[in-house]
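The values are calculated or read from the model by the stated rules, or taken from the named source; none is laboratory data. Nothing here was measured: the structure is a model prediction, and the numbers come from that model. Glycine also receives a Cβ, built like all others from the backbone with ideal geometry; neighbour counts cover every protein chain displayed. These accessible areas exclude ligands, DNA and RNA; they are computed on the full protein's heavy atoms, side chains included. Shrake-Rupley method; radii C 1.70, N 1.55, O 1.52, S 1.80 Å.
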Amino acid sequence: MSVKIRKSLVATALLGATAFASSNVIADPLNDIQKVGQQTQTAAKKSQEKIDNLYGQSQEMIAEYRGLVEEAELLKVYNDHVARLVADQNAGIESLERQIGTIDKTKQDVVPLMYRMIDTLEQFIKADVPFNQETRLERVEKLRGIMTNSSVTTSEKFRQVLEAYTIETDYSTTMVASQGSLEQNGKNINVDFARLGRIAYVAQSFDQKHAWVWNNDSKQWELLGEEYLKPVKSMIRIARKQAAPELVNLPIFGAE
């Protein structure tokens, strides 16, 4: 009986050992599978992260490329614009060079012309009715001084010559009165002068007893008759704006 029990215990023990051994054999592969699965998931996660990083970098590169393309297009447009500006400036420089060449030639023609104009102006003043003659001749001498002044440009010299001619032209349309002295028979007589353009230049003594008119043909003052005393007085008053303009009867000896 005891022998049977022992056999039974031995059999049970063997069975248990076998079952234990079997469970260990099964458990090890499962653990390995789980480890492999975890490793696979970890690797997949890392791969996905790498993919995400690569995608992000690719998007940045695409955006940068597009920016460079747009910048290149803008630079091309700007370069084309600058090229047109340079071409226009070159054309302007060529035009200026041609004009400078023309100016040099013009100067050669204008300078002698100005000297002739100044000489002609002086001759005209000396031949003209002798009002403000000293001032007018001084203006001529000033022009001659300007012509030899290197600090004055040719254009400014020409402007001042034309201005002198304009002043002389304006004298033909003015009516003015002034006071001064007139030499007659070796005596200086204080008189009132009145001038209507260049067609009438008269004088009257302060006591209004004598009147004269300038005869530009004989280059002298001629005494007027008593019938002209009142007309001369009226002309002087009109020139001073002391009376309204009216017709006056006077002899005319203007410059030719």
Q. If you take the square roots of the eigenvalues of the alpha-carbon gyration tensor of the stretch 160-199 and sort them as a ≥ b ≥ c, do you get rounded (a/c under 1.5), prolate (a/b over b/c) or oblate?
A. prolate
Q) Roughly how many nanometres apart are two label points built 7 Å out from the Cα toward the Cβ at Ser95 and Ala72? A) 3.7 nm
Q. Ignoring ligands and nucleic acids, what accessible area does Ser155 show with a 1.4 Å probe (Å², nearest 10)?
A. 90 Å²
Q. Sorted by average packing, counted as other Cβ atoms within 10 angstrom per residue and highest first, what order do 136-148, 198-210, 117-129 take?
A. 198-210, 117-129, 136-148
Q. So how do Arg240, Arg66 rank on accessible area, 1.4 Å probe, biggest first, that is with the largest at the start?
A. Arg66, Arg240
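Once you have the Cα-Cα distance between Glu168 and Asn188, take 0.36 nm times their residue separation minus that, and quote the gain in nm to one decimal.
Value of the extension gain: 4.4 nm.
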Q: Report, to the nearest whole %, how much of the accessible area of the stretch 68-204 belongs to carbon and sulfur atoms, 1.4 Å probe, protein only.
A: 55 percent
Q) By the gyration tensor of its Cα atoms, with a ≥ b ≥ c the square roots of the eigenvalues, what is the shape of the stretch 131-256: rounded for a/c under 1.5, prolate for a/b over b/c, or oblate? A) prolate
Q: Please list Met114, Met175 in order of solvent-accessible area, largest first, computed with a 1.4 Å probe with all protein chains present.
A: Met175, Met114
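Give me the accessible area per residue for the stretch 107-256, probe 1.4 Å, as a whole number in Å².
61 Å²
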Q: Would you please give the residues with an amide H less than 5 Å from that of Val176, counting only those at least 5 places away or on a separate chain, with H modeled from the backbone geometry?
A: Arg195, Gly197
